1. Exactly which GluC sites (Glu not before Pro) in segment 1-92 are in a DSSP loop and have at most 13 other Cβ atoms within 10 Å?
2. Work through the residues other than Lys18 whose Cβ is under 11 Å from its Cβ and net out their charges, Lys, Arg +1 and Asp, Glu -1.
3. Rounded to whole Å, give me the distance from the Cα center of segment 87-120 to that of segment 138-181.
4. List the lysines whose alpha-carbon lies under 18 Å from that of Lys49, not counting same-chain residues fewer than 8 positions away?
Amino acid sequence: MTTVTTSKPIINLTGVSKSFGATQVLREINLDVRSGEVLVLIGASGSGKSTVLRIMSGLETADTGEVWVNEVPLHDARRAKDIRGHVGMVFQQFNLFPHKSALGNVTLALIKARKMNAADARKRAMDALDRVGLADRAEHYPSQLSGGQQQRVAIARALAVEPGIMFFDEATSALDPELVGEVTEVMRGLARDGMTMVVVTHEMGFARKTADRVVFMDKGVIAEQGAPEQIFVDPRNERTRQFLHRVLDH
Ligand SMILES: Nc1ncnc2c1ncn2[C@@H]1O[C@H](COP(=O)(O)OP(=O)(O)O)[C@@H](O)[C@H]1O
Ligand SMILES: [Mg+2]
């Protein structure tokens, strides 16, 4: 949905492989993400999507290959920490502190990650909550919020540090179906605002409408990638066809 043809890659993976014990989960992955691009990763469970995200966000180190994110060489394990605070991550589980309000959760992240003083952090946190449509719920505790609202707080917490890139790993998978839309709507808003996003999701509607590019992973390799209209209307790889047939039929 954004025009991303000329900007240089903000993420570059070259020849990235990764094994856990005897199991090779990524094989020679090559992937670029450009500034402002929305990249959606799809594929069966176990195909390696989360591992790609974790490597891009410095939570996991590749065995071989090069990983550049925001000009930080993450293949150098000593540099992995340099990317923290420059990327935001949103997971299936919201992981909010139950004894802190929505505002308290976001503020705490800022005080820890940005070493901000409490007053500045509070102001920044309110802006982030406003961005996800929850300014009026700032004083609510997680138990007083719906799952969709809790996930929006988690998005606000990630946004508050003003990351250059946002990663979403099945951010809507734990939600009741009727709560998915409010979260994907917030994600769409970020995409419209030009945020660089890498999104793992089973929401094919989101992929189709919001992705600039869809990557289909199969058994640790990128089996196919392309514009959503190509992947969903005219998939070239038989495995992509089968996968989409399975997920779109349900
Ligand atoms: N920390 C880990 N230790 C051992 N195996 C792992 C670990 N993380 C992922 N795996 C394995 O790697 C494969 C790919 O996992 P993952 O990247 O989570 O796939 P996806 O997100 O596509 O479901 C799976 O077989 C999974 O069991
Ligand atoms: Mg996963």
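Derivation of every value follows stated rules applied to the coordinates shown; laboratory data play no part. Note that the coordinates shown come from a computational prediction; the quantities given were computed from them, not determined experimentally. Using ideal geometry, Cβ is built from the backbone for each residue, glycine included, and neighbour counts are taken over all protein chains shown.
1. Listed in order of number, the matching sites are Glu71.
2. -1
3. With segment 87-120 and segment 138-181 each reduced to a Cα centre, they are spaced 12 Å.
4. Within reach: Lys18, Lys219.
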